[in-house]
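A.B. asks: Quick one: structure below, then a few questions.
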Amino acid sequence: MRFLANTPSKRLLFVLGAFVFGVALGPWVPFSSLMWVFVSIGFLSFFWFLIGVRGSFLGLIILCVTLGLLRFVVSDPVFSSRQTMVVQSESDVVFSGVIEGEVEEKWRNFRWTVTDLEQEGIKKYGKILVSVPYSAPDLLHGDKVELKCRLRKAEPIGDFRYDQQLAARKIIALCSYPRILSFEQGSFSIKRSIFALKEFMLFRMRQALPEPNTSFVFGLLFGGAGLISPDISIDFSRTGLSHILAASGYNVSLFTFVLLGILLKTPLGRRWSFWIVVASLGMYVVLAGGTPAVVRATLMALVVLLAFGVRRKPSLPNLIMLSLAILLCITPRLFWYDIGFQLSFVATAGLVLFADWFMEKCAFLPKTLGIREALAGSLAATFATLPIILWHFGELSIIAPIANLIVLPIIPITMVFTGSWLPVALLYPPLAALINLPVWAFSWGILVVTDLLSSPTFASLKIPHARVFAVVSLMFIIVIIIKKYHRKEMAQTLVQPKV
Amino acid sequence: MIKRIRQIVVVGIISALLWLAWSLWTGFFVGSDELVVWNFDIGQGSAALLKTPDGQIVLFDGGPDARLLSKVGSVLPSWQRDVDLVLASHPDTDHIAGFVPLSKAYKVNTFADPGLFEVIPLENSLLQGFLEQKTEIKSLQAGDILNVGGVEIKVLSPSNTEKLSSDTNTRSLVILVTYKETSLLFMGDASTETEKRLVKEGIEPVDVLVVGHHGSISASSTEFLEATKPKWAVISAGRDNNFGHPHPVVLERLKAISTKILRTDQMSDILLKTNGKNIEINPHPLPF
């Protein structure tokens, strides 16, 4: 063990990795006497470490695995002091709660996440995802509602574990088109004001720009593909471009990587470029509503920024592992049950680990408008996420590199045009409608290119035995990472001066 | 600096070219003497947009969801943000839900329906959207005639008695659109009961029939089709819909009178252009 962890930096990596491993083990270790065996061994190991006997580092590692395991276990509803609500009801049930987070506008309805549940005066555990028609009252984060509806459990959709994805967000049941018995406006909060502002921005943009352009540029700026029609979503998915519309680490990290690449080429210098990107990320968190997904995405983008934006690079594996440990400490169920998180995190790690290599391979491309960064970044992220995509979706976008090459360089320009047009749309939509040409033209161009590229049948292929390929590609990636760092270490050893 | 200026110029030229391409693409329907009608592929529902020769925009039904906005956005120039007349055939979700987002995005000058919007919440919210933007609200019934930009819109249904029916389909708005020598009949979800009355009242042959109730067997009776003898029939239905629309019997009836059938579930959006004498009607799938 000491041989493997022969520097403080490596020891930190092992400690963090052990915690992550513990969280990952969570679902496979039943909460029983076996768990107490783990806990006992963990704390014995800690004592072992404290008294500093030989091999005590192993004790610390076991303790970290145990802590990870415990963190996962205490996130289970069983540990909540509240009772769990009946999640499947034959007849309508009445419950009250508070709308949490953003009201999601979907193609056919709105969705509320209702938390602080109460049934017959008793507080209940979890949250309920409620679909309401367009005719529902215009409510916001913090508003209290009393609803009557038949609850149902989320079910897996094919191989996709929709139920577990929702469970990771503590959503225990679904409710469609309830009877709204009463609602009460919530009190002022910053979060509520941000969501109201976002809703107002969308409203004003819609008055000045046609659809689907509005939904597209809104998704581009603030994340969220819910407003996009299912047909267009499929086009984006088939061309491997869905990431540009998601509040994901993939999107924000890639944007950070491309923006930083462009700024570093200007006379602004490294320091100013770094702080401009930090300020952009800060603004993004506020305007995108500061949801957990947005904060996670921004944290990952900071990893990219530290990896490429500072001269003295921190240890990248440590940085990635630290961010993962922090995120899992906050929400342990993300690891296995949230595909969005998996893709986000792995795409960021891929960018940090492989973007340089892909940049070298893309040297034939011009650097104008960040074209090289865009393609290299996209390839690095796609390469790293390959096992996850194959495992969960069994489908692979063949056209993704070309689509990304064409579309990604236009994204920052589209964002800049939209960003400068937005204040006019907020102040006076009729004027904004007259000057919407650049925003309209670029967004329309991207939508049409995506539509055209998704048309060929070979754009996206269904892979037979995709899960086998997923495992093989994962092993391939692990081997590459190990080889890459082994080579780096060897190079460092060779250049070390003799004492 | 020169490089930067060059980049901005290139970006400007690309935008202008895209704009020009789009203007040319939509240009065939701007400032001509043609009446243009789009029957949108809106899923299981119904929505049509009419552009009169003098450029006024009329919508007949809004489909089941926000897809209407993409369809309207795809056929109108990007700067056009108003609709002159919105007609809602009857208060069923698959015909009017799309008007809720429309009322927030476009300025609607006049909204007209058979005067039935009083009970169901969707209509309340729909009307609220129109009231907020001070839209003129009209209630229509058989015998009313609207003249919009050189095109006559005659209301054939509901009659006074049909308005009292408990069945929303029976209360559906039926309109006859006439431009010079050509005529188009939009049936909404009207049933055979309404058709019987129209045949009794001596309805005349039409060029195009937008088939009632998505081609359901509850509409398009043999007598009615023989009386209207449409040259073309447009059926608005969703792909693989759960209702089995259009019904095979209805398709057979249309074939029996040699009517050419155009279906949105098979051909996507359908574009009709007429100069008042000749009609050109073809599938014309919109990108979004």
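The values are calculated or read from the model by the stated rules, or taken from the named source; none is laboratory data. Keep in mind the model is a prediction, meaning the values are calculated, not measured. In this analysis, Cβ positions are derived from the backbone assuming ideal geometry, glycine residues included, and neighbour counts consider all displayed protein chains.
A.B. asks: Being closer than 17 Å to A:G419 by Cβ, within 14 Å of chain B (Cβ to nearest Cβ), surrounded by fewer than 18 Cβ atoms within 10 Å (Cβ to Cβ) and not β-branched (V, I, T): is that true of A:F200 here?
C.D. replies: Yes: the conditions hold for A:F200.
A.B. asks: Still on this structure: Would you mind telling me which numbered condition in (1) over 30 Å from A:P210 (Cα atoms); (2) modelled with pLDDT under 90 A:P409 fails?
C.D. replies: Every condition holds for A:P409 apart from (1).
A.B. asks: Still on this structure, please answer the following. Looking at (1) within 16 Å of B:H214 (Cα to Cα); (2) in a strand (DSSP E or B), which one does B:P64 not meet, given that it meets all the others?
C.D. replies: (2)
A.B. asks: Only one of these conditions is not met by B:G244: (1) modelled with pLDDT under 95; (2) closer than 16 Å to B:G188 by Cβ. Which number is it?
C.D. replies: For B:G244, the exception is condition (2).
A.B. asks: Given the conditions (1) touching a Phe, Trp or Tyr at 6+ places or on another chain (Cβ under 6 Å); (2) among the small types (G, A, S); (3) over 22 Å from A:F110 (Cβ atoms); (4) away from chain A (no Cβ under 13 Å), and given that B:S74 satisfies all but one, which numbered condition is not satisfied?
C.D. replies: Result: B:S74 passes all but (4).
A.B. asks: Considering only the stretch B:157-180, I want to know if a residue exists there that is closer than 30 Å to A:F203 by Cα, modelled with pLDDT of 90 or more and assigned to a strand (DSSP E or B).
C.D. replies: Residues of the stretch B:157-180 that are closer than 30 Å to A:F203 by Cα, as a first pass: none.
No, there is no match, as no residue in the stretch B:157-180 is closer than 30 Å to A:F203 by Cα, modelled with pLDDT of 90 or more and assigned to a strand (DSSP E or B).
A.B. asks: While we're on this one: So which of A:K484, A:K488 is surrounded by 11 or more Cβ atoms within 10 Å (Cβ to Cβ), over 30 Å from A:F200 (Cα atoms), modelled with pLDDT under 85 and more than 14 Å from chain B (Cβ to nearest Cβ)? Walk me through it before giving the result.
C.D. replies: Values: A:K488 fails: surrounded by 11 or more Cβ atoms within 10 Å (Cβ to Cβ).
One residue alone meets the criteria, A:K484.
A.B. asks: Six or more apart or on different chains, Cβ under 6 Å: which pairs go from a residue in the stretch B:186-215 that's farther than 28 Å from B:N275 by Cα and in contact (Cβ under 8 Å) with a residue 12 or more places away in the chain to one that's β-branched (V, I, T) and surrounded by fewer than 23 Cβ atoms within 10 Å (Cβ to Cβ)? Could you list them?
C.D. replies: Qualifying pairs under 6 Å: B:S191/B:T170; B:E193/B:T170.
A.B. asks: From the list B:L102, B:L69, which one is surrounded by 24 or more Cβ atoms within 10 Å (Cβ to Cβ) and within 9 Å of chain A (Cβ to nearest Cβ)?
C.D. replies: So the residue among B:L102, B:L69 that is surrounded by 24 or more Cβ atoms within 10 Å (Cβ to Cβ) and within 9 Å of chain A (Cβ to nearest Cβ) is B:L69.
A.B. asks: Now, a different point. Looking only at residues in the stretch B:52-66 that are more than 23 Å from A:W107 (Cα to Cα) and surrounded by fewer than 24 Cβ atoms within 10 Å (Cβ to Cβ), which one is farthest from the other protein chains (Cβ to nearest Cβ)?
C.D. replies: Among them, the one singled out is B:P53.
A.B. asks: Somewhere in the stretch A:365-378, is a residue more than 14 Å from chain B (Cβ to nearest Cβ), of a type in the set (S, T, N, Q), assigned to a helix (DSSP H, G or I) and within 13 Å of the chain's Cα centre (by Cα)?
C.D. replies: No - not one qualifying residue is present in the stretch A:365-378.
A.B. asks: Name the residue that is farthest from the chain's Cα centre (by Cα), counting only residues in the stretch B:105-118 that are outside any strand (DSSP E or B) and surrounded by fewer than 23 Cβ atoms within 10 Å (Cβ to Cβ).
C.D. replies: Checking each candidate, the answer is B:E118.
A.B. asks: Looking at the stretch A:388-395, can you tell me whether even one residue there is modelled with pLDDT of 85 or more and within 11 Å of chain B (Cβ to nearest Cβ)?
C.D. replies: Within the stretch A:388-395, not a single residue is modelled with pLDDT of 85 or more and within 11 Å of chain B (Cβ to nearest Cβ).
A.B. asks: Suppose we filter the stretch A:438-461 for residues that are surrounded by fewer than 18 Cβ atoms within 10 Å (Cβ to Cβ), more than 28 Å from the chain's Cα centre (by Cα) and facing another protein chain (nearest Cβ under 10 Å); how many remain?
C.D. replies: 0
A.B. asks: Evaluate the following for A:M85: is it at pLDDT below 70, under 30 Å from A:P133 (Cα atoms) and not basic (K, R)?
C.D. replies: yes
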